[in-house]
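Following: one structure in structure tokens, then a few remarks.
Values in this text are rule-based calculations from the coordinates and carry no lab data. Computed from a predicted structure; not experimentally measured. Note: ideal-geometry Cβ built from the backbone for every residue, glycine included; neighbour counts use all protein chains shown.
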Amino acid sequence: MTELLKTETIRYALTRVKFVARDFFTYADDLVARVAEQFPDTFNDFVSSDLGVMLIEMAAWAADSIAFGQDMYASESYLDTARVRRAVNRLARSLGYKMGPATASSTDLSVRLAAIQAFDVIIPVGFQFQGPNDLVFEASQAVTFPAGEGPLSVARTVSVREGHTVVQNFPAGSAGVKNQRFPLSPGDGRFVAQTTMELTVAGADWTETEFLPYKQTDVYAIDYNAEPQMLRFGDGLAGNIPAAGNDIRASYLSTAGKAGNVPAGTIVDVVRDLVVAFTSIELLIEQPTRSSGGDDREELAKSKVTIPGYVAARDVAVTAGDYYSLANAFRDAVSGAVAVAHAFVTMSAADDITLQSLVTLISDLVTGLASDVAAETADITAAEAAIASEVVDATDGLNDVSNALLSIDASVTTGSALIDGIGPPVGVVLASSLTATDYVTLRGCFANIEAQSVTAMAGEFAAVLAQTNITTALADITDVVANINSLVGVGFEPIVIGYLGDIYDHVDTILSSTCKSNLVTVPILTKDKDGFYAPPSTALVRSLQAYLNSRKEITQIVVVVSGESGLVYAVISGVVGVAAGYVKAKVLGKCNEAINNILRGRDFDSDLHLSDLYREVVPKDGVGGIPGVSWATLAITGPADHINSDGTLVVGDSEVITRGTTTLTAEAA
């Protein structure tokens, strides 16, 4: 027991009036003080083992339990202080906001038949492909391969989404009473995917609605954030009551949420063989892109931020804040959920993400073209050098031919002189008319002529060969020039003109009408399986664009874009002092996870301070931080162009920080 309080003091009275955190010890002290004041002579034994003290402590425990319940009910009655999903869900519904359900990730597969079939092959809706970690992906639309297609045919696109179809019957059927609720069973750790339920009552289709409308109509609602998730019917005024005894049958997609976001190249098999016309069909499956859009039910922290703005917007977008709230609350049944969104009024070309992305495309194209032209120019230079070498060789060959011909002329002249000196008779008796010496000389002269002729022919052949090499080199130059013309004329010019046309169209859209309001840019991101930001799919961007266009003011222009260009990957390093008795690897693992938690779910235009890291890693006066950490030296080292003099990672209006690399080492404290 604590020391008896002096209840007669004014300070005591004021403190008790202001004191609202009522607990066991407060009540026990009050009761002890009251007994001591009222019964000083008859009860003065306050030893813990005394029967009277036991009764006082039992009363204090009862009062503490009641106070705890009152405090909890009070806390859970306000959005800012609520901590339980059921309470936040209830408050959101009362304000006309439905907390986001889980969404299934989706992607496109490229599929071909492993063998040619003589009949049409159809992949039906719901056909299951095998993903990693025992995840299943179902085809969301039927795809037909006409007869004759095979492994060499063009691959067909099959759209799939993570999850498997669950059929749930409710044996008791309808009780015919108001506000009936039926629990749904998607499986442990799994969720009912948004708006995927097909429900029949007595064989008739009923329609899902976000909230039960005040109409007598065959509709139902799903409370995705209840525990367990619930199917709800109306009371006869807001939605009809299923007649007593009617069978109720529900079919829906059970999803793993954000765990279904898988990398590219991981969906390459089927759960069970595709059988068509009693034939097992082997499929060749490729997954060129990652799956995206999968998310768990809306986080409570996000709901608390989103609900006030969403309610204030009243489902109409006027200000940047309205776009921010509507975009952050957006979830699409097919393309998934927005993990984080931002909205800002674009005041300059530098702020225009669409314009900057187009300019970047042009810059990348020009840079690539310059590299290609440089490579082709090097080929031209090499070809010119080869031509120069062949010209030299050709010149030398022609000189050899010329010299050989001169030698032939000299030999012929000598032979002619000898013959002229011999005189008649000629013909058959020519050899007998010559002296032996002259005869040998004459024969040698003509042999020399023959040899010189052979040399001349070889020189001519070499010259011709050199000319052939020159021709080949010139052909190579022609090909190089054709390649350059192709790059500049066929590839470069039309693409650049196309990008410039996109720029002109974009700017013209802004300036095409009098009194246009400022351009509102809405960058968005989704999550990967680890909860970090990832680029959204094109389908999600288009879906949100259509949604905001339907709610915007007529004089505004809103452009939804991927926030990928604004991702800033934090680079963090440091040394952690680990206290004696702790395993360094485990402490470092907890430090890394604490830093990852800081880097998850950040808002656009939110800087990262060193103090944020120290607060989560290093205990202060024994409170907070990671157990086992005595001290730490931490630094944010990148990206270098975003670090200020204080070591803070500073980002702009359209940028958001996410996980890059974290390198921590441990030392004994």
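Can you work out the FRET efficiency for the pair Thr555 and Gln356, with r the C-beta to C-beta distance and R0 = 30 Å, to the nearest 0.05?
Numbers: r = 24 Å, r/R0 = 0.81.
The pair Thr555/Gln356 has a calculated efficiency of 0.75.
Paramagnetic label reach from Asp653 (point 7 Å along Cα→Cβ; backbone nitrogen cut-off under 17 Å): within segment 524-539, residues 524. Here segment 274-312 is scanned for amide nitrogen atoms under 20 Å from the site 7 Å beyond the Cα of Ser185 along Cα-to-Cβ, giving none. The 3J(HN,Hα) values that the Karplus relation (6.51, -1.76, 1.60; θ = phi - 60°) gives for segment 337-347 are, in residue order, 10, 7, 7, 8, 9, 9, 8, 8, 7, 7, 9 Hz. Gly and Pro appear as x.
Amide H to amide H distances under 5 Å link Thr637 with Val571, Ile572, Ser573, where only residues 5 or more positions off or on other chains count and H is placed in the peptide plane. Between His609 and Phe43, the FRET efficiency estimated from the beta carbon spacing at R0 = 51 angstrom works out to 0.30. Each residue of segment 124-130 was assigned a 3J(HN,Hα) from its phi angle through the Karplus curve 6.51 cos²θ - 1.76 cosθ + 1.60 (θ = phi - 60°); the sequence is x, 4, x, 4, 9, 10, 8 Hz, with glycine and proline shown as x.
Give Lys302/Lys527; Lys302/Lys620; Lys529/Lys620; Lys98/Lys258 a once-over and call out the pairs whose C-alpha atoms are over 25 Å from each other. Working shown, then result.
On the way: Lys302/Lys527 14 Å; Lys302/Lys620 28 Å; Lys529/Lys620 33 Å; Lys98/Lys258 19 Å.
Over 25 Å apart, Cα to Cα: Lys302/Lys620; Lys529/Lys620.
Residues whose amide H comes within less than 5 Å of that of Val561, counting only those at least five positions distant or on another chain, are Val522, Ile524 (H built at 1.01 Å from N in the peptide plane). The simple Förster model, with R0 at 22 Å and r as the Cβ-Cβ distance, assigns Ser75 and Val311 a FRET efficiency of 0.60.
The order of Lys527, Lys178, going from fewest to most other C-beta atoms within 10 Å of their C-beta, is Lys178, Lys527.
Close amide H contacts of Val219 (hydrogens built in the peptide plane, cut-off under 5 Å, sequence separation of 5 or more or a different chain): Thr207, Asn240.
Across segment 156-168, rounded Karplus estimates of 3J(HN,Hα) from the backbone phi angles (6.51 cos²θ - 1.76 cosθ + 1.60, θ = phi - 60°) give 9, 8, 10, 7, 10, 9, 6, x, 10, 6, 10, 10, 10 Hz, Gly and Pro being marked x. In segment 564-668, one over the average inverse separation of all distinct C-alpha pairs is 14.1 Å, which is the Kirkwood hydrodynamic radius.
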